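To keep things clear, I will list the structure first and then write my remarks on it.
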Amino acid sequence: MIGTLIGDNWFGWSSWNTHSVSQLRMSLLITVLAGVSITYYFYSKNKGAYLEAKMIEARQHANEARLKLLEAQLEPHMLFNTLANLRVLIGTDPERALTMLDHIIAYLRATLSASRASSHPLEHEFDRLRDYLELMAVRMGPRLRYTLDLPPELAQQSVPTLLLQPLVENSIQHGLEPKVEGGSLTISARRDGNTLTLEVCDTGLGFDPTDSAFTQPAAPDQGFGVQQVRERLVAAYGLNATINFVAPQAGGTRASIHFPYTP
Amino acid sequence: MNANPVTALIAEDEPLLAQALRAELARAWPALQVLATVGDGASAVQQALALRPQVLFFDIRMPGMSGLEAAAELAEQWPASGPAGAAFPALVFVTAYDQYAVQAFEAQAVDYLLKPVQTARLQKTVEKLQLALAKPAQAAINFEATLGQLRGLLASPASAAAALAAPLTVIQASVGNSIRMVAVDEVLCFEAADKYVRVLTLDREYLIRTPLKELQEHIDTRVFWQIHRGTVVRALSIESVSRDEAGKTHLSLRGLKERFVVSRLYAHLFKAM
């Protein structure tokens, strides 16, 4: 329009007066259309870049979580102490060394492939826990006693792979290992009507009830293992699953998971 | 060589590993007499004080008290050198994972072994120990060097940089149902007490639940000096430091009646210029 005004002055006649209003409307429309389409072009270009950045961020987040999980499971103290025990047994008790090595292999295989299969039968879950607990039993000697209680009729119930592993590791690392006299650990499954209950119960040091990792749904950096269990329960069962932590009178920690039983 | 055999104490919570270290030592150093094997830090301190071994093998990660904390506690309680006191034992830390970058200490007073313990590496440790024990005159110098290294190992490496970047300026202490904002500039002393930390100012005392170790990561260590495992004081408020006949060091803070114990580990901070 400014251009038109300048042009009008230059040539000495006015386009406003001589041309019909419809023509003016037309030129306005073209200008607006051009403006809108250019704006849309830049908008969509930026939106594409924005979405791509978001996707990269999400992928990074997933990778970080996987790495963190792997780091937690292949924790160097756990790994080297286990190997140190194996080294001793090779010299003193080759039979036991062989059994221990088999548990190490099964534990490593499960840990490294857990991200691929999303669920497995409860029976397998308990077998993997047994591998881990057998390793810990060699290391801790009489300081660790454990019981795995899985009723045969629940053996084929499907659960997210290694769902209980972080809870069992917490019981060992924060409950029993730091306790001078050690203690016992019980992992059990039971059915109450339409609900399946899994429990990890230890007689260790117990937890601080004010620790937000146990009370809030998601507390970043705190209790990574617990947070991970919560996320996987939500992913698998939505709002139909719950997890809670109780500090029994006798000491220790009891973690209970409830989710629907599948007939 | 000394006619009396060299004595040692092993502290390791994993029974198989303790037994194996004992067996490996018997091969690498047949003359060494292992007086006892214990499975936790507190027993390690207690047995070391009772048996007075010349060499200590301490696992770092143990239930209750860690190997590092046990060594520091032992240094604290070890009878002052003199006619009655024996030299402080030579320390060897055993660990599965060198999160403390222990290689840096290879040439120094405190030795370390990585698990699984390799025979050749253990041999090197044994030679180093034999060399050190052959020079009893060095004992006092070694003790000072050991204290220095323990200080280094116990200090959290990330703390200094983080504290300088964003130092804590206010302490939120709960008093009854309300939260009191206490300016860090007014705090004279932080002292660990059971599950709490006492925060002392000129006119009041507050209790907070944040562990001292965590607090230390956020306060300027040039302003607040650690004088004991559980005590951090404002350096500019220290009034006087004195040593009693038993060799214990105490200090007092301007405006407070209370006296604070200075641990042996940090006594080096207070020497006349």
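Brief remarks follow.
- In region B:164-213, the qualifying residues are those that are farther than 17 Å from B:Ile238 by Cα and of a type in the set (Ser, Thr, Tyr), and the one that is farthest from the chain's Cα centre (by Cα) is B:Ser178.
- Cβ pairs under 6 Å, 6+ apart, first in region B:46-66 and in a helix (DSSP H, G or I), second among the β-branched types (Val, Ile, Thr) and buried (at least 18 other Cβ atoms within 10 Å of the Cβ): B:Gln47/B:Val38
- Filter result for A:Leu89 (in a helix (DSSP H, G or I), free of Cβ contacts under 8 Å to residues at least 12 places away in the same chain and either more than 16 Å from the chain's Cα centre (by Cα) or more than 29 Å from A:Glu231 (Cα to Cα) (or both)): no
- B:Gln99 within 22 Å of A:Phe80 (Cα to Cα) and modelled with pLDDT under 75: yes
- Residue ranges of strands (runs of 3 or more DSSP E) in region B:177-273 with at least 1 members closer than 28 Å to B:Ala71 by Cβ and without any contact (Cβ under 8 Å) to a residue 24 or more places away in the chain: B:196-201, B:238-243, B:249-253, B:259-262
- Any hit, region A:173-194, residues being assigned to a helix (DSSP H, G or I), at positive phi and within 14 Å of chain B (Cβ to nearest Cβ): no
- Residues satisfying the stated conditions in region A:53-71, i.e. within 27 Å of A:Met100 (Cα to Cα) and more than 14 Å from chain B (Cβ to nearest Cβ): A:Arg66, A:Leu67, A:Lys68, A:Leu69, A:Leu70
- Residue check for B:Ala31: among the small types (Gly, Ala, Ser), in a helix (DSSP H, G or I), more than 27 Å from A:Glu181 (Cα to Cα) and over 19 Å from the mean Cα position of the chain (by Cα): no
- Pick from region B:1-20, criterion more than 9 Å from chain A (Cβ to nearest Cβ) and under 22 Å from B:Met65 (Cα atoms), ranking: surrounded by the most Cβ atoms within 10 Å (Cβ to Cβ): B:Ala11
The values are calculated or read from the model by the stated rules, or taken from the named source; none is laboratory data. Owing to the predicted nature of the structure, the values given are computational and were not obtained by experimental measurement. Cβ coordinates were reconstructed from backbone atoms using ideal geometry, including for glycine residues, and neighbour counts include every protein chain displayed.
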